[in-house]
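The values are calculated or read from the model by the stated rules, or taken from the named source; none is laboratory data. What you are looking at is a predicted structure, and each value in this text was computed from that prediction instead of being measured. Quick reminder, even Gly has a Cβ in these numbers, built from the backbone with ideal geometry, and neighbours come from all protein chains shown. The accessibility values were calculated without ligands, DNA or RNA, using every heavy atom of the protein model including side chains. Shrake-Rupley method; radii C 1.70, N 1.55, O 1.52, S 1.80 Å.
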There are 2 protein chains.
Amino acid sequence: MPKGNSVTIREVARRAGVSIATVSYVLNESAPISEETRARVLAAAAELGYRPSALARSLRARQSHTIGYSWHHVPRDRWHPILDPFLYSMAQAAEAEGYHILTFAQPADGDPWRPYQELMLTGRVDGFILSETNRDDPRIRYLLDHDFPFVAFGRANEEWDFPYVDVDNAAGTRMAVEHLVKLGHRRIAVIAWPEDSLTGSYRLQGYLEGMAAAGLPVDPAWIVRTEHSEAAGRQAMGALLALPPDRRPTAVVTMSDLMAIGAMNGLYEAGLQPGRDVSVVGFDDVPMAQYLRPPLTTVRQPVAEVGAKVVEMLLKIIRGEPLPERKVLLPPRLIVRESSGRI
Amino acid sequence: MPKGNSVTIREVARRAGVSIATVSYVLNESAPISEETRARVLAAAAELGYRPSALARSLRARQSHTIGYSWHHVPRDRWHPILDPFLYSMAQAAEAEGYHILTFAQPADGDPWRPYQELMLTGRVDGFILSETNRDDPRIRYLLDHDFPFVAFGRANEEWDFPYVDVDNAAGTRMAVEHLVKLGHRRIAVIAWPEDSLTGSYRLQGYLEGMAAAGLPVDPAWIVRTEHSEAAGRQAMGALLALPPDRRPTAVVTMSDLMAIGAMNGLYEAGLQPGRDVSVVGFDDVPMAQYLRPPLTTVRQPVAEVGAKVVEMLLKIIRGEPLPERKVLLPPRLIVRESSGRI
DNA sequence: CCCAGGAATTGAAACGTTTCAGTTATGCCT
DNA sequence: AGGCATAACTGAAACGTTTCAATTCCTGGG
């Protein structure tokens, strides 16, 4: 049977010959204590290796100093492009302020807000970070209705007023289009997500803005909406290649690196070479992207910054401090590699 | 200022017209209570939406019902091949038993066991899951010395007695070699990790066993030890290709998908085609592997099973239940795709 | 010489549970 | 009818903190 720890404030007090209140005051520097007593308490605490119980402290303060985070699990043929850096930067930012991240699974069935409710009602967390939000997101609805602290990585309904940090998705695809235009492309297609994806609609919008800014017409056949998978990306590329030569796009912008890879594979299947015959641009800049053949031009999201920012904002909310900016949009960066072709 | 929750057992007791002890007994079914009272308490609790405070409960029980997990952060040009499925399966397994996973960051500097110590002494967690263990792992040493509950995904020094679950790495590379031998290869190389990697030494050992079992000699030049990166894999392949034709390997086993990708890129650079001119096998089966050109033959680790198992074992330890098997080795699976060539 | 006032310290309550040790009411046996 | 076991329930302690309110001890002013 392991012990864990068991030295309490009482023992420190006894060893230093003072009351537990004094020990608490010394350790938290929350009351004037004579230098001599202070030194004695500190010494006793150090000798015993005393660390205050986070549990007792939390109970008393009614603050768990914990932040909840859950992510959507994806099937094994896909991946979560940002989980690692996002979670890591959140953990770092939280720990710098004495908080910790509690990760929980999103059960496949049942109301999506259930686990949030449970954590909230049992007082296990002081707030939540959400990611992969969408329009009518039931989790946001729930937290908003119950006035519980949270910050989202991603937006939702325009009319819902809640704090979020998001990447300027439209700017990302706009930059991709601008880059392709600069390379001389005029017929640029987009492999987009279904209409129910809010993030997808921002990215599509960026494409449209980019085309409009360049004064290029958009053939409706160039906008392919399909699900987020490699196979879908491949099929979409097949459909684009089936267009008559004068309408066939010479470049394709996609919603994700996964779909970009599908698109490139679609080109190979047709005997074409990505980056030479047709340019392809992805979104996410997963680590693999740079090692693909050809290396993938893609839009990199400032994931670590988002992670640090959402935590910073959430802690302000939890502490009741004013929140200077409730809605933050961070710019992505276009990483140019060979899949978009040579200049 | 958000409220969180605040309905306590006291209010439930008042509403049901009983003492708080009775409420507790009803809710935990830990004492005989008349059916009538039971119903009244349950009704009161439901009407108030009462959920017991996890904090108070933990303090009283001296159990946080929380498990700590930390992972090594990697630079952006690499990735953590198993974080998502591993963390997810752990969270699921833990939650089924009323536990949660606390994730924390490993600071770049300082003793690696510091964050473990902090969490342990403050009573925030009841135990830890470790991953990416190695020989002389200071975290294992620390937890062992302090007799604190933990289970590792991965092994360490033979003489250290601690509970772990690991994938049978040797079996993985052995299967890879067998597969290649079956395809007719006789000169099979391995791109391995530096000697200080314990996991790497198991995987190398499996390669050696596979070669021995097939009665094939191993040319020392076929064993290239190098760091875990795409560039290293590429250079290693270059070195292998530089061997004289009669010593040049026709197949290569690698320690990871990342290095396999490097190896394949090395082949392309030399104007060769992976899977046709030289076979390549990876390790991990990252989601990308199947979309590579050619799709990568690789060893898949049963990550979700490991996650469920380590949690199951840790909870047994925490609860003081007997642990039937302290050292578990799970078999990996070879996923055959085209990078290893046609039969 | 007394007392106000401040600095340093302490006792005890409170946070919300669980559970031990008791108290009441009921029914049964002799 | 009296005693006693049992069932059902309750009061209070305890988990380890923080912090309010109270207490002690000085010092200096009148």
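Some points to look at:
- Rounded to the nearest 10 square angstrom, A:Asp168 shows an accessible area of 40 square angstrom against a 1.4 Å probe.
- Note on A:123-136: average number of Cβ atoms from other chains within 10 Å of each residue's Cβ is 2.
- Estimated translational diffusion coefficient (Stokes-Einstein, Kirkwood radius over Cα pairs, 25 °C, 0.890 mPa s) of segment A:1-103: 147 µm² per second.
- Here r is the Cβ-Cβ distance between B:Asn157 and B:Gln273 and R0 is 41 Å; the resulting FRET efficiency, rounded to 0.05, is 0.45.
- Potential extension, A:Glu305-A:Ala231 segment - 0.36 nm per residue separation minus Cα distance: 23.5 nm
- Loop-resident sites, segment B:156-230, for GluC sites (Glu not before Pro), counting at most 13 other Cβ within 10 Å (DSSP): B:Glu158, B:Glu159, B:Glu195, B:Glu227
- The Cα atoms of the protein assembly as shown cover 80, 65, 60 Å along the three principal axes, with the biggest extent listed first.
- Contact surface A-B: accessible area buried, both sides summed, square angstrom, 1.4 angstrom probe: 6000 Å²
- Linear extension gain, B:Leu330 paired with B:Leu208, 0.36 nm per residue minus alpha-carbon span: 41.9 nm
- Under 10 Å, Cβ to Cβ, from A:Ala260 - net charge with Lys/Arg +1 and Asp/Glu -1: -3
- Whole-number percent relative contact order across chain B, with pairs defined as alpha carbons under 8 Å at least 6 apart: 16 percent
- Point-to-point label distance, A:Leu323-A:Leu42, nm (Cα→Cβ direction, 7 Å offset): 3.9 nm
- Amide hydrogen neighbours beyond the local backbone of A:Asp168, cut-off 5 Å, H modeled: A:Leu330
- Sum of side-chain charges, B:Met211 neighbourhood, beta-carbon under 14 Å (Lys, Arg +1; Asp, Glu -1): +2
- Each part reduced to its alpha carbon centroid, segment B:32-80 and segment B:119-142 end up 23 Å apart.
- For segment B:9-52, the fraction of 1.4 Å probe accessible surface lying on carbon and sulfur atoms is 51 percent.
- Extent along principal axes [Cα atoms of chain A; Å; largest to smallest]: 90, 43, 39
- Inter-chain Cβ neighbour average for residues B:47-55, partner chain, 10 Å: 5
- For B:Phe128, the amide hydrogen comes within under 5 Å of the amide hydrogens of B:Gly68, B:Phe150, B:Val151, counting only partners 5 or more places away or on other chains and with H modelled in the peptide plane.
- Note on segment A:214-312: percent of Cα-Cα distances in each 10 Å bin, starting at 0 and stopping at the bin with the largest distance, equals 16, 44, 27, 10, 3, 0.
- Straight-distance candidates among the aspartates and glutamates for linking to A:Lys316, with alpha-carbon spacing under 12 Å and chain neighbours fewer than 8 residues away dropped: A:Glu97, A:Asp126, A:Glu325.
- Förster radius 51 Å - calculated FRET efficiency between A:Ala31 and A:Asp136 (Cβ-Cβ, nearest 0.05): 0.50
- Scalar couplings 3J(HN,Hα) for segment B:272-287, obtained by applying the Karplus form with A = 6.51, B = -1.76, C = 1.60 to θ = phi - 60°, are 10, 10, x, x, 10, 7, 9, 7, 9, 10, x, 8, 2, 6, 5, x Hz; x denotes Gly and Pro.
- In segment A:71-99, the residues that give up 20 Å² or more of accessible area when the other protein chains are added, compared with the chain on its own (1.4 Å probe), are A:Trp71, A:His73, A:Arg76, A:Asp77, A:Trp79, A:Leu83, A:Asp84, A:Leu87, A:Tyr88, A:Ala91, A:Glu95.
- Local charge for B:Asp136 was computed over the other residues whose Cβ lies under 14 Å away, with Lys and Arg +1 and Asp and Glu -1, and equals -4.
- Descending by average beta-carbon neighbour count within 10 Å, the peptides A:245-254, B:327-336, A:322-331 line up as A:245-254, B:327-336, A:322-331, the highest first.
- When the Cα gyration tensor is reduced to axis lengths a ≥ b ≥ c, the ratio a/c is 1.5 or higher for segment A:59-101, and with a/b not above b/c it is classed as oblate.
- Between A:His72 and B:Asp147, the C-beta separation translates, for a Förster distance of 25 Å, into a calculated FRET efficiency of about 0.05.
- Exposure of A:Ile223 as accessible area (Å², to 10), given a probe of 1.4 Å and all protein chains: 50 Å²
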